[in-house]
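Just below is one structure, and these are the notes that go with it.
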Amino acid sequence: MIKRFAKRFRNTLLCAMAMGMGLHLSCAYASLSPTEILRKADEARGNAEGVEWRIDIRSVERGREQHRTLRVRARSFNSLAEFLAPPNVKGQKLLMLDRNMWFAKPGLSKPVPISPRQKLIGGAANGDIASTNYAGDYNIVKTSEDMVNGEKCYLFDLKASDNRATYDRILYWISIERLVGLKAEFYTVSGKMFKTAVFEYKNSVKIGGKPREFISRMVITSALIKNDVTTMNYGRVVIRKIPDSVFNLNLLTR
Amino acid sequence: MRMTLSKRLHVFIIFVFLAGVLLQPAPVLSAEDDGSGSPEIRKLAEVFRFDLRILSYGVLQQPSDSSQNPGNNFLEIPRYTGNMEFRPDLTLKTDPLDLMVKPRLHLEYRVWEEGSREGTGDWDNDLYVNEWLARWRARENLFVSYGRENLQWGPSFLFSPSNPFFLDNGRRNPYVEVPGMDFGRVIWIPDSTWTVSFIANTDEGRNDINLPGPFERAYALKMDYQGREGYGSLILTHRENAENSLGFFGGLTLSDAVLVYVEGAMIRGVYALYPQADHSPFGASMERIHADDSSAQPVILVGSSYTFAEGGTFTGEYAHYSPGYGGAEADRYYALRRNAAAALSYGGPISGLGELTLGHTINTGLRLLRRNYALLQYNRNNINDCIDLTCRWTQNLDDWSGQLTVLGSYIFGDHIQLFTVGTLNEGSDDTEFGGFLDYQCMIGLQYTF
């Protein structure tokens with residue numbers, strides 16, 4: 001009980017400190033708090049009302065090349081990924097209901113509960129294909145400014161708000177001008193960096209009637225083996241309302 | 001369905017021809033992936049889906065010389081089988097109506113090395129529809145369906161006590177399909193958190209070998225909760241002229257690596273066979289003595305899994321199954337089996353009674369024979385992005401027999417998968433896992449179009 005209170009107090013303190021620092025952030029969006037900036041960056045990698053996209057994943061791991069094509073439908077904390085190609089994995093489904101995940105495939109009688117830590121393919125974990133919710137899953141510990149490919153960025157130091165998040169700590173570079181995440185470093189509980197990711201935003205969607213840059217590519221590189229690279233290309237992005245039935249376990253396998 | 005060899009060949013040729021014809025749209029439909037193709041083709045690709053898997057596999061198994069199957073003369077289990085299965089799945093999604101059908105063709109050649117059929121071999125084939133479904137979306141949150149389904153739920157590996165319809169949850173060997181049963185379902189999804197289903201099990205369908213008595217219709221009301229912290233379900237079931245039960249399951253994702261879950265049921269009236277001492281020639285017979293019991297029998301399974309940083313997942317389960325046989329009942333059961341087995345060689349009416357009794361002892365209607373079980377499993381998928389591996393040990397904690405199962409698969413390219421399922425049973429003849437097979441090894445190839 002005391003431990004839980006201490007954890008909450010620590011998190012609240014960290015948030016308050018980060019918000020205090022946010023008052024000094026300089027940019028066109030200076031009126032936004034750090035949490036609002038993080039939420040804007042999340043918007044470019046998912047949407048609370050509903051988004052559908054195709055992800056083409058190509059991975060090179062220990063010299064072996066693999067590819068997957070997925071159709072992902074996501075809304076708020078839930079997402080459903082259906083494997084479209086290659087034929088060997090066609091029809092497999094990954095249902096993520098917040099942190100609860102289920103895997104189903106043709107021939108398997110019932111969906112299997114799985115953990116977010118389980119690997120999807122190459123360097124991509126199951127949690128990587130879902131709609132991003134860093135603002136909900138992580139606390140902002142520290143903010144500063146840095147450059148990525150000549151672009152001025154906020155550098156957010158994010159700590160998992162609870163032990164259900166996919167990563168323990170993330171360093172996240174968000175473009176000051178565009179409010180989209182450009183780069184991330186992912187760390188284990190022991191403090192060791194185990195992968196990095198860079199993001200591109202060549203897709204465009206309308207959110208609230210206004211055009212908005214949307215993620216088009218995520219490249220994940222292993223920190224341990226530099227040649228292990230997983231590239232996720234995002235296409236056919238459609239913002240639309242996704243009904244509850246899409247994320248329903250009773251309708252998953254048929 | 002039994003057919004002559006020539007008819008069988010005709011069916012096979014027609015089936016392959018149809019598969020070939022149906023596969024023709026595949027490259028056209030793939031145009032949908034890159035957004036090209038005519039609008040009609042793209043529209044068709046959005047609503048129609050055809051998947052075909054062809055499995056070719058062999059099975060090597062050693063029948064136990066036990067009281068259930070003395071000299072392999074009762075069950076007549078073949079030593080070797082060669083199999084080919086065609087498994088097309090056809091789906092048409094035309095909002096608000098979805099249609100699905102899964103016809104199957106199974107060709108099998110069997111060779112016997114033990115028992116009365118020693119040294120012989122024969123062909124068998126089966127052409128059937130394992131599952132089909134018609135589902136109508138009455139409203140955005142209301143679905144009505146009827147069809148033949150393999151309706152499974154719950155997080156457990158060992159067995160699924162919350163499911164009142166199927167004894168087999170399909171986890172032991174994922175390459176063998178569980179036969180479908182006929183269900184009518186109404187699913188109402190009031191919001192993202194709650195789901196209410198009414199399920200009517202109207203016919204045994206193809207699942208006609210798992211009950212010791214005639215099929216009885218069953219009706220269930222299922223309530224599901226899906227929350228941020230976890231999930232849970234309650235299943236209230238009434239079976240005509242048989243038991244009522246309250247099933248449940250739930251689980252929590254404690255961290256990105258740790259899952260915990262529970263599954264169980266309270267069963268009133270057990271529709272299974274128990275050894276009952278009497279004045280029959282074997283001193284006992286199998287009777288449905290608990291069918292009208294008013295007290296509830298609990299079944300509970302608890303489990304947890306941990307995923308290591310390298311990707312492997314370790315799972316542990318413990319199950320207590322109250323309807324299973326206690327020590328005295330088990331002793332009576334095995335004594336009855338031994339007496340019935342001995343009677344097989346006597347000839348005459350007593351031999352017939354022996355056969356009838358062994359028919360009851362092999363199919364008691366219980367999901368598990370005894371009361372306490374443990375399961376340990378290590379599973380790792382996508383090793384080098386091509387190998388899936390599962391090692392599972394199931395321990396009967398009452399008679400201390402056990403079963404080791406190893407599932408492995410290796411992916412070649414985009415279409416071919418090499419798979420193997422190995423089972424090694426440990427225990428004496430008078431134990432649950434030692435009474436049927438000493439070992440079984442299945443190895444094969446699956447081609448997915």
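The values are calculated or read from the model by the stated rules, or taken from the named source; none is laboratory data. From a predicted model like this one, the values you see are computed outputs, not experimental measurements. Don't worry about glycine lacking a Cβ; one is built from the backbone with ideal geometry, like all the others, and counts go over all protein chains shown. Surface areas here come from the heavy atoms of the whole protein model, side chains and all, with no ligands, DNA or RNA. Shrake-Rupley method; radii C 1.70, N 1.55, O 1.52, S 1.80 Å.
Pick from B:V176, B:V186, B:V101: which is most flexible by mean-square fluctuation in a GNM of chain B where alpha carbon atoms under 10 Å apart are linked?
B:V176
How much mean residue ellipticity at 222 nm does the protein assembly as shown get from its helices, if each DSSP H run of length 4 or more adds -39500 (n - 2.57) and you divide by all residues, to the nearest 500 deg cm²/dmol?
Helix contribution divided over all residues of the protein assembly as shown: -4500 deg cm²/dmol.
For segment B:234-281, which residues drop by 50 square angstrom or more in accessible area between the chain on its own and all protein chains together (1.4 Å probe)?
B:T253, B:D256, B:L259
What is the diffusion coefficient of segment B:373-430 in µm²/s, taking the Kirkwood radius over Cα pairs and the Stokes-Einstein relation at 25 °C with a viscosity of 0.890 mPa s?
The calculation lands on 191 µm²/s.
If I compute solvent accessible area with a 1.4 Å probe over the protein chains, what percent of it on the protein assembly as shown is carbon and sulfur?
For the protein assembly as shown, the apolar C and S fraction of the accessible surface comes to 59 percent.
Over 18 Å between Cα atoms: which of A:K105/B:K102; A:K183/A:K210; A:K159/A:K202 fall into that group?
Checking Cα-Cα distances, A:K183/A:K210; A:K159/A:K202 exceed 18 Å.
Based on the alpha carbon coordinates of segment B:103-208, what radius of gyration and maximum Cα-Cα distance (Dmax) apply, in Å?
18.5, 62
Kindly state, as a whole number, the per residue volume in cubic angstrom of the convex hull around the alpha carbon atoms of segment B:286-415. Walk me through the intermediate numbers first.
Working: hull volume 22.7 nm³, N = 130.
Cα convex hull per residue, to the nearest whole number: 175 Å³.
Hey, what's the per residue convex hull volume over the C-alpha atoms of the protein assembly as shown, in cubic angstrom? Before the final figure, lay out the partial values.
Numbers: hull volume 120.3 nm³, N = 703.
Roughly 171 Å³ of hull volume per residue.
What is the angle, in °, between the Cα long axis of helix B:327-343 and the longest principal axis of the Cα atoms in chain B? Nearest 10 is fine, range 0 to 90.
The two axes meet at around 80 degrees.
Give the average over all directions of the projected area of the C-alpha convex hull of chain B, one decimal, in nm². Walk me through the intermediate numbers first.
On the way: hull surface 96.9 nm².
Convex hull of Cα atoms, orientation-averaged projection: 24.2 nm².
What's the angle, to the nearest 10 degrees (0 to 90), between helix B:5-23's Cα axis and the longest principal axis of chain B?
With both axes taken from Cα atoms, the answer is about 30 degrees.
What's the ranking of B:258-271, A:221-234, A:197-210 by average number of surrounding C-beta atoms within 10 Å, highest first? Intermediate values should be presented prior to the final figure.
Values: B:258-271: 20.7, A:221-234: 16.8, A:197-210: 14.1.
Top of the packing list down: B:258-271, A:221-234, A:197-210.
Given the whole protein assembly as supplied and a 1.4 Å probe, what does the accessible area of B:S345 come to in Å², nearest 10?
100
Measuring from label point to label point, each 7 Å out along Cα→Cβ, what is the A:S31 to B:S351 span in nm?
With each label point 7 Å from Cα toward Cβ, the separation is 9.6 nm.
Tell me the relative contact order for segment B:131-234 as a rounded percent, counting alpha carbon contacts under 8 Å between residues six or more apart.
Computed value for segment B:131-234: 21 percent relative contact order.
Excluding ligands, DNA and RNA, what is the solvent-accessible area per residue of the protein assembly as shown at a probe of 1.4 Å, expressed in Å²? Display every interim value, and only then the final one.
On the way: 30620 Å² over 703 residues.
Heavy-atom accessible area per residue stands at 44 Å².
Assuming a ≥ b ≥ c are the square roots of the Cα gyration tensor eigenvalues, decide whether segment A:88-188 counts as rounded (a/c under 1.5), prolate (otherwise, with a/b larger than b/c) or oblate.
Taking the square roots of the gyration eigenvalues as a ≥ b ≥ c, segment A:88-188 is prolate.
So how far apart, in nm, are the two label points at B:S295 and B:D65 if each is 7 Å from Cα heading toward Cβ?
Between B:S295 and B:D65, the simple spin-label model gives 4.3 nm.
For the protein assembly as shown, with the dipole built from +1 on Lys and Arg beta-carbon atoms and -1 on Asp and Glu ones, taken about the Cα centre, which of B:A45, B:L221, B:N207 lies farthest toward the positive end?
It is B:A45, whose Cα lies furthest towards the positive end.
Round to the nearest 10 and report in Å² the accessible area of B:R172, as given by a 1.4 Å probe over the protein chains' heavy atoms.
Estimated to the nearest 10 Å², B:R172 gives 100 Å².
If you take each beta carbon of peptide A:80-88 and count the beta carbons of other chains within 10 angstrom, what is the mean?
If you average over the peptide's residues, the count of other-chain Cβ atoms is 4.
To the nearest 20 Debye, how big is the dipole of segment B:289-418 about its Cα centre, given +1 on the beta carbon of each Lys and Arg and -1 on that of each Asp and Glu?
320
How large is the charge dipole for segment A:179-254, taken about the Cα centre, if only the Cβ atoms of Lys, Arg (+1) and Asp, Glu (-1) carry charge, to the nearest 20 debye?
260
Within the set of other residues whose C-beta is less than 15 Å from the C-beta of B:D293, count the net charge using Lys and Arg as +1 and Asp and Glu as -1. Don't skip to the answer; put the middle values down first.
Values: positive: B:R239, B:R268, B:R288; negative: B:E243, B:E287, B:D292, B:E329.
Net charge around B:D293: -1.
Give the relative contact order (percent, whole number) for segment B:59-119; include only Cα pairs under 8 Å separated by 6+ residues.
36
For the protein assembly as shown, give the magnitude of the charge dipole about the Cα centre (Cβ charges: +1 Lys/Arg, -1 Asp/Glu; no others), in debye to the nearest 20.
Computed about the Cα centre, the dipole is about 2580 debye.
Got the relative contact order for chain B handy, in percent, Cα pairs under 8 Å and 6 or more residues apart? Show your work: numbers first, answer last.
On the way: 1084 pairs, mean separation 56.0, N = 449.
Relative contact order here is 12 percent.
How far is it, in nm, from the label point at A:L155 to the one at B:E108 when both lie 7 Å from their Cα along the line to the Cβ?
According to this spin-label approximation, the distance is 6.5 nm.
Could you report the buried accessible area between A and B, both sides summed, computed with a 1.4 Å probe and given in Å² to the nearest 100?
Chain pair A/B: roughly 5100 Å² of buried accessible area.
Can you give the three extents of the C-alpha atoms in segment A:138-242 along their principal axes, from longest to shortest, in whole Å?
Its Cα atoms span 43, 34, 30 Å along the three principal axes.
For segment A:38-79, state which trypsin sites (Lys or Arg not before Pro) are in a DSSP loop and have at most 14 other beta carbons lying within 10 Å of their beta carbon.
Hits after loop and neighbour filter: A:R62.
Highest GNM mean-square fluctuation, chain B, Cα pairs closer than 10 Å: which of B:L404, B:L254, B:L107?
Evaluated over chain B, the most mobile residue of the options is B:L254.
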